1. I'm told THR163 meets every condition in (1) part of a helix (DSSP H, G or I); (2) closer than 24 Å to THR209 by Cα; (3) polar (S, T, N, Q) except one. Can you identify the failing condition by its number?
2. Every residue in the stretch 63-81 that is touching a strand residue (DSSP E or B) at 6+ places or on another chain (Cβ under 6 Å) and more than 22 Å from GLY213 (Cα to Cα), please.
3. In the stretch 183-200, what residues are part of a strand (DSSP E or B) and surrounded by fewer than 14 Cβ atoms within 10 Å (Cβ to Cβ)?
4. Working only within the stretch 172-204, note down all residues that are in contact with a Lys or Arg (Cβ under 6 Å, 6 or more places away or on another chain) and under 14 Å from LEU246 (Cβ atoms).
5. Please indicate, with yes or no, whether at least one residue in the stretch 28-39 is buried (at least 20 other Cβ atoms within 10 Å of the Cβ), at positive phi and not aliphatic (A, V, I, L, M).
6. Does the stretch 186-200 contain any residue that is aliphatic (A, V, I, L, M), closer than 27 Å to VAL3 by Cα and without any contact (Cβ under 8 Å) to a residue 24 or more places away in the chain?
7. Mind counting the residues in the stretch 223-279 that are of a type in the set (Phe, Trp, Tyr), part of a helix (DSSP H, G or I) and over 16 Å from ALA19 (Cα atoms)?
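The values are calculated or read from the model by the stated rules, or taken from the named source; none is laboratory data. Bear in mind the structure is a predicted one, so any value in this text is a computation, not a measurement. Cβ sites come from the backbone with ideal geometry, for glycine too, and all protein chains shown count toward neighbours.
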Amino acid sequence: MSVLTIQSRVASGYVGNSAAVPCLQQYGLDCLAVDTVHLSNHPAHGSHRGRQVPPKEVAELIYGISERGILGEVQAIQSGYLGALEIGPVVLDAVDAVKKVAPLAPYCLDPVMGDNGTIYVEDGLVDFFRTQALPAADIIMPNIFEAACLLGRPLTGLEDAITAAFDLQVLGPTRVIVTGIGTPVGVTNIGAQGSRIWQVETPRVDVTTSGAGDVFAAIFLGCLIGRGASFETALETACNFVFVLLLKTKELGKPDIALIETLHHTSTTNSIYQVKSIR
């Protein structure tokens with residue numbers, strides 16, 4: 001079984017494919033990893049080197065994979081940070097190519113646009129996600145700010161997030177996860193499938209880092225596809241893993257997420273905080 005994962009890569013640290021690949025492999029999944037940017041490190045460190053991968057090169061890499069005749073083995077497609085608007089159609093072409101030979105493979109879209117009130121991609125990508133990628137996706141997992149961008153309205157709190165999850169389903173995806181919902185005691189993530197809503201709440205971990213969202217998406221997809229877990233169980237597993245990851249990162253005082261240490265010392269099946277059905 002394999003996953004086609006299309007997102008960024010860094011030489012130092014763990015974001016994009018640098019985070020997704022080891023997480024997916026933990027579930028026994030082969031990774032067809034296509035990078036959209038190559039950077040020395042995450043830009044949040046203040047300086048970085050590297051480049052945006054030209055859209056033509058991204059398309060050629062995906063075509064090269066298809067020439068090997070292995071797209072039929074793909075169990076899921078995942079996309080994250082694109083970097084350039086022109087890569088968007090390349091991703092959707094890849095989704096179409098996979099679904100022609102593996103129609104049941106879900107497209108899992110992490111619409112990486114921004115967080116905490118700040119958009120850090122070009123404006124055209126927001127519209128691309130809303131009008132083109134969203135209708136093509138089977139599963140989406142925006143944070144609450146990204147969900148607000150997709151719907152074109154502000155969102156604050158759990159009830160707004162629940163309404164947003166239902167509204168996003170109307171636009172295409174059958175399963176929606178909204179992450180990073182602040183609560184008085186911590187952080188809540190919710191998952192919507194049909195008329196059902198599940199919630200996992202964890203304490204807030206006071207650490208600033210990058211890549212936790214990429215890890216969340218990969219652990220969720222790995223659990224769902226690699227382990228054959230239910231939607232709500234995969235949600236619970238991803239929430240708990242990221243909570244432990246942030247604790248480990250804070251404990252070690254690392255500038256990047258402590259992904260390898262967490263994968264090495266933490267079971268991806270144990271849950272401290274349980275999922276609960278709220279609708």
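1. Just one mismatch for THR163, condition (2).
2. Once the filter is applied, which keeps residues that are touching a strand residue (DSSP E or B) at 6+ places or on another chain (Cβ under 6 Å) and more than 22 Å from GLY213 (Cα to Cα), the stretch 63-81 yields ILE65, GLU73, VAL74.
3. ARG196
4. GLY186, VAL187, listed by residue number.
5. Within the stretch 28-39, not a single residue is buried (at least 20 other Cβ atoms within 10 Å of the Cβ), at positive phi and not aliphatic (A, V, I, L, M).
6. To start, the set of residues in the stretch 186-200 that are aliphatic (A, V, I, L, M) comprises 187, 190, 192, 197, 200.
So of that shortlist, the ones also closer than 27 Å to VAL3 by Cα come out as 190, 192, 197, 200.
Then keep just the ones that are without any contact (Cβ under 8 Å) to a residue 24 or more places away in the chain; that gives none.
So far as the stretch 186-200 goes, no, none of its residues is aliphatic (A, V, I, L, M), closer than 27 Å to VAL3 by Cα and without any contact (Cβ under 8 Å) to a residue 24 or more places away in the chain.
7. The total comes to 1.
Yes/no matrix, rows are residues, columns are (1) touching a residue at least 24 places away in the same chain (Cβ under 8 Å); (2) surrounded by fewer than 24 Cβ atoms within 10 Å (Cβ to Cβ); (3) farther than 21 Å from ALA218 by Cβ:
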| position | (1), (2), (3) |
| --- | --- |
| GLU60 | no, yes, yes |
| GLN75 | yes, yes, no |
| GLU86 | yes, yes, yes |
| PRO89 | yes, yes, yes |
| ASN116 | yes, yes, yes |
| TYR120 | no, yes, no |
| ASP138 | yes, yes, no |
| PRO142 | yes, no, no |
| ALA147 | yes, no, no |
